[in-house]
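Reviewing the structure listed below.
Read the figures in this text as sums done on the coordinates, not as results from a lab. Just so you know, these numbers come straight off a predicted model, no measurement behind them. No Cβ is skipped: glycine too gets one built from the backbone with ideal geometry, and neighbour counts run over all protein chains shown.
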Amino acid sequence: MAETMILIPGRTTKQGVGLLESKFKKQYRDATTTVEINVEDMARLGLKDGCKVKLRSANGVTTVKCTGRKTEDLPPGVLFIAYGPPTSKLMGTDTGASGMPLSKHLEVELESVN
Amino acid sequence: MGSTLRIVNGRVYDPANDVDGKTRDICIKDGKIVKSVPPKTKCIDAKGMVVMPGGVDIHCHIAGAKANIARKLQPDDHRRDVHPRLDLKKVNTRSGTGGTVPSTFTTGYRYATMGYTTAMEAAVPPLLARHTLDEFEDTPVIDKGFYILMGNNVLLYQMLQEGRHEEIRNAVAWWLNATKSYTTKLVNPGGDEPWKGHRNATITQLNDKIDGYEQLTPRKIITSMVNTVEDLGLPHPVHIHCNNLGHSGNYKTTLETMKATGGRRIHITHIQFHSYGGKPNENPTSKAPQIAEYINNNSNITADVGQVMFGRSTSMTADAPLAWMLTRYSNDRRWVNADTECESGCGIIPFAYQEQVYTHALQWAIGLELFLLSKDPWRMVLSTDHPNGGTFTSYPRLIRTLMDREFRKQQMDSVNQKAVAKIKRGHHMEREYTLQEIAIVTRAGPARILGLKNKGHLGPGADADITIYDEHEDKELMFSAPRYVLKSGHLIIDNHEFRNNHEGKILHVAPGYDEGIKDVIRPFVEDFYTIKFDNYAVSDHYIPRHEVVPTAKQ
Amino acid sequence: MGAATKAKSEANIKTVENATCTFCGCLCDDMVLTVDMDAKKITKAKNACVLGKALFLSHEEEDRPFALIDGKPATLKEGVEEAAQILANARFPMFYGMSDTTCEAQRQNVALVDMVGGTIDSTTSVCHGPTGMALQGVGESTATLGEIKNRADLVIYWGGNPAESLPRHFARYAVTAKGMYTPNRKKDRTIVNVDVRRTKSVPVADIFIQVKIGADFELLWALRALVKGRHVDPNIEKRTGVSLETMKDLVERMKNCRYGVLFFGMGLSMTRGRHFNSAAILSLASDLNEYTHFIATPMRGHGNVAGADIVVSWQTGYPFGVNFSRGYPKFNPGEFTATDMFARGDADAGLILASDPGSNFTQAAIDHMKKIPMIVLDPKLTHTAKLARVAFTTSHYGINTGGTAYRSDGVPIELRPCLDSKYPSDEEVIRAIYKRVEQLLKTRKKTKGANNKRRKAA
Ligand code: SF4
Ligand SMILES: [Zn+2]
């Protein structure tokens, strides 16, 4: 069953180190294809660390792995992911005449793949 | 390969060489003016035209961090005044935008198109010197230099507090070398410490103690720097923006500052902004007569006027408390403050001078009074403190205002009459500047004040920076569109058309200093700056074309 | 440069002191690099953080062709010719990138776009472009980082995670740095962190304020109201997740500090509200100057992204999103910004300098890039290089190439390269393209648009 959540992409050390090595190697790929999710949300949706989930926005779909974060760190209903090719798929192109696509406040539907 | 050229039949105004409108030939070889060239040399026929040295701007703000924030800040300033590139098949120029703070290329082209060939950027925090030099690389045609801000330098404060005068001299010399700059500039000396460190306070008296420095006052900072620069023998003395700029009653501070130097040379910049009577926080009155009289009688003082011109301007200054004060009088909500570590403050606001506003009209009139009361044009030269009082592109209009009494009267009649009533009437109001006097206040005078021996005149050895104007009744028209402009002997404007691009050079000083001073500066920079000492000094490849102007000792 | 470069000849090991790391906006200039000249490797990078170490120690000159044309190896000259033909024949070429190269290359790049009458935008537009727009509306009160180190006794991080994106920000500039009036480092400062999630930057903060996602603007506006002494409805907590008590406490701290700073990240500029968020935080700092000295300054990511803004501004008057179609610069975010130009399908050619929009732009933009002839300059193989018509391999700025980079606070730093490269610098390649395009345009008789023929079969 799909649930609507807010996705925040951002920068992480792992993604930074990964891209210095190569954008076509494992470290970067792992860093940019793992979404952080609130542990309560995870439990409710029956997800475990490493489970695959599908994220769908108005603009596209991508499949990533998930990993849990405690409620005090990441509130329920909010997802975090490092920037990378998967986030491109989800971003909308409307920049509201600013040049900036809405990149940090993406409404997505999250769905377990398994 | 000697390229030569001769300008014939023109009426030459070369006040430095006592040539006042005589018809003379000017000979040019390899970018310099020479006594003679072979008879068959290519000629420019300047019959019916006026020949002058290229203009020299002693004080403007055209390049560097502050100017660039002002550009970024104001798309509205650029949109209505664009500067297209020319036809690539004729000459490869760069496009840009104008307004009160033009882009770099446009700045260079517009100075050149107006017959100005040298300009000095007047306020650069030493830490950001590279930025100014980067922009200078993209400012075509003109030669240029800049002054470094040293009136609020924390390391110098510490040295002065402890009376380490010898070290101050070496430190200032090191700084001039490290930044490739031309002289030192004091802006509201002592004012940064209360501004940054004490809840945006400022300093108002020459004898006020500076917070945190028991022994320091603006007066001490000024006298120390005047002595230092004189000891170093810099071609241009300390360039001072006095305390209390823009405040009613500030003429007293200005007089005190001039007196504080004990007969040594100083240059007081945009003195119009420092010639106000009245009480603080009340409307100003004019004290131009008192200021002009003092300068007329004291040959150690030079000044540029800082004329206010009606229309849009950008107020940008290292005097951050001043910009903050101006926000009260501006209708524009934009205000910029920018602190530079251990060296300077900065404030920027978009501004507009309006004919019907009392203070603005008075400021405009005070500038004119200073011009008209000045007995020695060599020591009271033309500036608008571009873009503070007005833009450099308004110089032709200012020249007309000085040369054309009727034109001046018309304007006087159309501005705020309460303000005009405050101006002293008298014979001087009838004065009309002559072409020779204009040549002095726009080129020969600034060049002499700057100690630029190869600029501002047309004698042998001078740089072949030459402007040729069509004689015209309307002096604004005449001075805004010269028929020919030569820069270092290259014909840039040919029959009113921009024909050749040219890269100007950087003018800077390189006074000697004791290498040991680096061991004093180094630990301070490592502790209280955020770049390494070894990364502070600007390397030579930032100045691919440059000229070291010698000090009196070199 | 010589003084700092000591050569130890025996093992052909060189030490380069005071080198600058260009990976992030901290632009640390205190690197001590040990370089094995034979292996062409940097073996030690003293003072570097984990990202800086990764940058230097993983540096390796990959053995790639000088250029690829349609994925096939080509010489530099062939690459330049192809690139020049594309640009000379384009009607509406889009230039993008510039945050990871020198100012010298950026300057040349703007010269090229000016000549071909194209459009130029930097990564600023997808980073703090909205903050640039906010500046144009309300101004800013800012400072170089050293002034903050020396004086700031209240430091507020808002919507940014420097612990991961600017790892030495705390130690060099704002938290544990020792300054003139902050001799006891963190003890002399109060650190506040405002964010929607508990990032790795939160542990250093004395106060953490967790704002509800999407409510930054409301929180900033409420703080402005409180600073100005206006009434704020306690219900604000429902909207922002922050109690009125917490807000009032923060406002008192802000008004009563000696020198306060708001560092803000893309958590404001990239999210709902964009330039309004940035304008709100800039205004909050400006308002506070009625009471004390207060600064607000964006935290910028890439090494020389500030340089891109600065160069484009001095050359055109505008910071990003500039079009030259009419022979002079025009500025219009949303029209001339890269995401829009590509996603709308306006651009008929592209030049990407030192950036990888192919990996981080929206899918619609990437799809369009695949359809048009693209030129890419990058030391590494990137997603964008893979979809390009011409891809140049260039040397790495800061490691192989000297030049200038501007720190996020506008302090210019001269880079100290430590290793030669067989590849040309970005600047050299752009210059070569420029020269060739100039020749083509000067002798051209026909009008533009020939790229229609050059389009890949879509
Ligand atoms: S903080 Fe940034 S600039 Fe400094 S070493 Fe780390 S990655 Fe490099
Ligand atoms: Zn000035």
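One table, with the values for the structure above:
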{"item": "The stretch B:462-502 versus the stretch C:263-336: alpha-carbon centroid distance in Å", "result": "39 Å"}
{"item": "Shape of chain A, Cα gyration tensor, a/c cut at 1.5", "result": "oblate"}
{"item": "Reciprocal mean inverse distance between Cα atoms of the stretch C:129-298 - Kirkwood radius, Å", "result": "15.7 Å"}
{"item": "DSSP-loop GluC sites (Glu not before Pro) across the stretch B:243-323, with at most 13 other Cβ within 10 angstrom", "result": "B:Glu282"}
{"item": "Estimated [θ] at 222 nm from DSSP helical runs (n ≥ 4, -39500 (n - 2.57)) normalised by residues in the protein assembly as shown, nearest 500", "result": "-9000 deg cm²/dmol"}
{"item": "Phi-based couplings in Hz for the stretch B:479-484 (Karplus 6.51, -1.76, 1.60; Gly and Pro marked x)", "result": "7, 8, 9, x, 7, 9"}
{"item": "Cut-off 13 Å between beta-carbons: net charge of the residues surrounding B:Ala361, Lys and Arg +1, Asp and Glu -1", "result": "-1"}
{"item": "Share, in percent, of DSSP beta bridges within the protein assembly as shown that are antiparallel, nearest 5", "result": "50 percent"}
{"item": "Local electrostatic count, B:Ile349, Cβ distance below 9 Å [Lys/Arg +1, Asp/Glu -1]", "result": "0"}
{"item": "Reach of B:Lys424 by Cα under 30 Å, taken over lysines that are not fewer than 8 positions away in the same chain", "result": "B:Lys252, B:Lys259, B:Lys279, B:Lys287, B:Lys375, B:Lys409, B:Lys475"}
{"item": "The stretch B:215-231 and the stretch C:30-98: distance between their alpha carbon centers, rounded to Å", "result": "51 Å"}
{"item": "Within straight-line cross-link reach of A:Lys23, aspartates and glutamates at Cα separation under 17 Å, skipping those fewer than 8 residues along the same chain", "result": "C:Glu60, C:Glu61, C:Glu62, C:Asp63, C:Asp100, C:Asp356, C:Asp378"}
{"item": "Magnitude of the charge dipole, the stretch B:244-384, Cβ model with Lys/Arg +1 and Asp/Glu -1, debye to 20", "result": "220 debye"}
{"item": "Three-way shape label, the protein assembly as shown, alpha-carbon gyration tensor, a/c 1.5", "result": "prolate"}
{"item": "Mean separation of Cα contacts under 8 Å (6+ apart) over length of chain C, as relative contact order %", "result": "23 percent"}
{"item": "Residue exposure sequence - C:Trp314, B:Trp378, C:Trp158, B:Trp324 - by fewest surrounding Cβ within 10 Å", "result": "B:Trp378, B:Trp324, C:Trp158, C:Trp314"}
{"item": "Trypsin sites (Lys or Arg not before Pro) restricted to the stretch C:158-262 and DSSP loop, no more than 13 other C-beta within 10 Å", "result": "C:Lys228, C:Arg230"}
{"item": "Lysine pairs within the stretch B:132-235, Cα separation less than 21 Å, 8 or more sequence positions apart or different chains", "result": "8"}
{"item": "Those GluC sites (Glu not before Pro) in the stretch B:313-366 that DSSP places in a loop and that have at most 16 other beta carbons within 10 Å", "result": "B:Glu355"}
{"item": "0 to 90° range, to nearest 10: angle between helix C:305-316 axis and chain C longest Cα axis", "result": "70 degrees"}
{"item": "Amide H contacts of B:Thr93 (H built 1.01 Å from N, under 5 Å, at least 5 apart or other chain)", "result": "B:Leu86"}
{"item": "For B:Pro523, net neighbour charge (Lys/Arg +1, Asp/Glu -1) across residues whose Cβ lies under 14 Å away", "result": "-1"}
{"item": "Of A:Lys26/A:Lys89; B:Lys35/B:Lys453; C:Lys386/C:Lys435, pairs whose Cα-Cα distance is over 24 Å", "result": "C:Lys386/C:Lys435"}
{"item": "Prolate/oblate/rounded call for chain C, Cα gyration tensor, a/c under 1.5 rounded", "result": "oblate"}
{"item": "The stretch B:546-551 - phi-based ³J(HN,Hα) in whole Hz, Karplus 6.51/-1.76/1.60, Gly and Pro as x", "result": "8, 9, 7, 8, x, 7"}
{"item": "Charge dipole (debye, nearest 20) of chain B; +1 at Cβ of Lys and Arg, -1 at Cβ of Asp and Glu", "result": "1060 debye"}
{"item": "Candidate aspartates and glutamates for bridging to B:Lys422, where Cα separation is under 19 Å - those fewer than 8 sequence places away on the same chain excluded", "result": "B:Glu282, B:Glu293, B:Glu355, B:Glu369, B:Asp413, B:Glu430"}
{"item": "Length released on extending from B:Glu166 to B:Met325, taking residue separation times 0.36 nm less the Cα-Cα span", "result": "53.5 nm"}
{"item": "For chain C, share of DSSP beta bridges that run antiparallel, in % to the nearest 5", "result": "45 percent"}
